[in-house]
Amino acid sequence: MHELAQLKEQFNKNGIMICFNGPFSQSIIEEIGKAVKTHLEREKIRKDAMLDVFAVYIEQMQNVKNYLSRTGYPAEVHDSAIMTIGRRDGRYVITSGNLTEKSDTAGVTRWIDTIKGLDDEGLKSLYKERIRKSHPPGARGAGVGLIDMARRASNRLSYVVEHIDDVFDFFILTAEI
Amino acid sequence: MEKLDLAATLSTPKICYCASSGILELSGESYPENSFEFYAPLISWLRQNLETLQSLQVNVNMTYMNSSSVKCILDILDILKESAARGRRISINWFYDRENSRALELAEEFGENLELPFNIIPTGG
């Protein structure tokens, strides 16, 4: 079987509806966002669930893009990420994967662990506290974005870290709605 | 007064001030590549012009805002609040989609501690 056919079969088996792999830009995020909306409108799901999927997709992609564009490594290697949106066990699943520097991986996983320890009220008050704080343009990290994702995904966030080499990890983040 | 008239795009809202009606309108979706850059012209317009206006009505009808846009809108509401405290007549009509359960909660969060007329108005459905 041709490898592309295999890939397609794998995607179908895992319920993946949309996948993007490669360097991406704001305009790609917007265009895929449009496709996500069109797809969800056809499925006739509740409007607020649709908006949650769209919102989590946007936050996740912009987080990854902001992170990658600030690392300052050659674009052809480090601008690249993979993203999938699919359906599994009645939930929408949004997953992203990208390279992270080991020191940054520790920061983001600690932050996700903190967020995952909170209930709805805790998430809400952390969100309100963080969003008020000045957020200088160029700040690294995904402070408020991850809290917003957690609120919309009822805290069903999870991550996997794959070791690449001494400097980099491959960081995979999944949100379920 | 400098003109303020930005058309909506896929990821940025329409922003428009109409001098004859005295209404500042923000409507659409907001998830620009850089929210701080995108909202900077509106913030500087407000800082330059608010004091010369007798009154201002702000109509906000945003169907989606990413987190950095929310931060920018909160900064804008702070500017409006300060100006109202100095005697400007400022009111806000905040429209939300009644089919979106999260939108009402968000509207209420925006209206907290604002100390100026903040009308939450459902649309659609």
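The values are calculated or read from the model by the stated rules, or taken from the named source; none is laboratory data. Remember, predicted model here, so these are calculated numbers, not experimental data. Cβ sites come from the backbone with ideal geometry, for glycine too, and all protein chains shown count toward neighbours. We work out accessible area using only protein heavy atoms, side chains counted, and drop any ligands, DNA or RNA first. Shrake-Rupley method; radii C 1.70, N 1.55, O 1.52, S 1.80 Å.
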Convex hull over the Cα atoms of the protein assembly as shown, averaged projected area in nm²? 17.5
How large is the charge dipole for chain B, taken about the Cα centre, if only the Cβ atoms of Lys, Arg (+1) and Asp, Glu (-1) carry charge, to the nearest 20 debye? 340
Charges only on Cβ, +1 for Lys and Arg, -1 for Asp and Glu: so what's the dipole of the protein assembly as shown about the Cα centre, in debye to the nearest 20? 560
For chain A, with only Lys/Arg (+1) and Asp/Glu (-1) charged at the beta-carbon, what is the dipole magnitude about the Cα centre, in debye rounded to 20? 740
Counting as exposed only GluC sites (Glu not before Pro) in DSSP loop states with no more than 16 other Cβ atoms inside 10 Å, the longest exposed-site-free span of chain B is B:3-98
Tell me: how much accessible area in total is hidden between B and A, 1.4 Å probe, Å², nearest 100? 2400
The whole-number value in µm²/s of the Stokes-Einstein translational diffusion coefficient for chain A, with Rh from the Kirkwood sum over alpha carbon pairs at 20 °C and 1.002 mPa s, is 126
Cross-link partners among aspartates and glutamates for residue A:116, C-alpha distance below 20 Å, same-chain residues fewer than 8 apart left out? A:52, A:59, A:104, A:129, A:148, A:176
With an 8 Å Cα cut-off and a minimum separation of 6 or more residues, compute the relative contact order for chain B in percent. 21
Given a Förster distance of 22 angstrom, what is the FRET efficiency for residue B:78 paired with residue A:114, based on the Cβ-Cβ distance and rounded to 0.05? 0.20
In a solvent-free Debye calculation with one equal scatterer on each Cα, what is log10 I(q)/I(0) for chain B at q = 0.12, 0.14, 0.18, 0.22 Å⁻¹, listed in the order of the q values? -0.41, -0.57, -0.98, -1.51
Between the DSSP loop rule and a limit of at most 13 other Cβ atoms within 10 Å, which trypsin sites (Lys or Arg not before Pro) in region A:1-53 are left? A:44, A:46
Relative contact order (percent, whole number), chain A, Cα cutoff 8 Å, 6+ residue spacing: 26
With a 1.4 Å probe and all protein chains left in place, how much accessible area per residue does chain B have, in Å²? 47
With springs connecting C-alpha atoms under 10 Å apart, model chain B as a Gaussian network and identify which of B:61, B:93, B:113 has the largest mean-square fluctuation. B:113
Of the accessible area of the protein assembly as shown, with the probe set at 1.4 angstrom, what percent is carbon plus sulfur? 51
Checking the table A:44/A:65; A:65/B:81; A:37/B:14; A:34/A:133; A:124/B:81; B:3/B:71 against a 27 Å threshold on Cα-Cα, which pairs fail? A:44/A:65; A:65/B:81; A:34/A:133
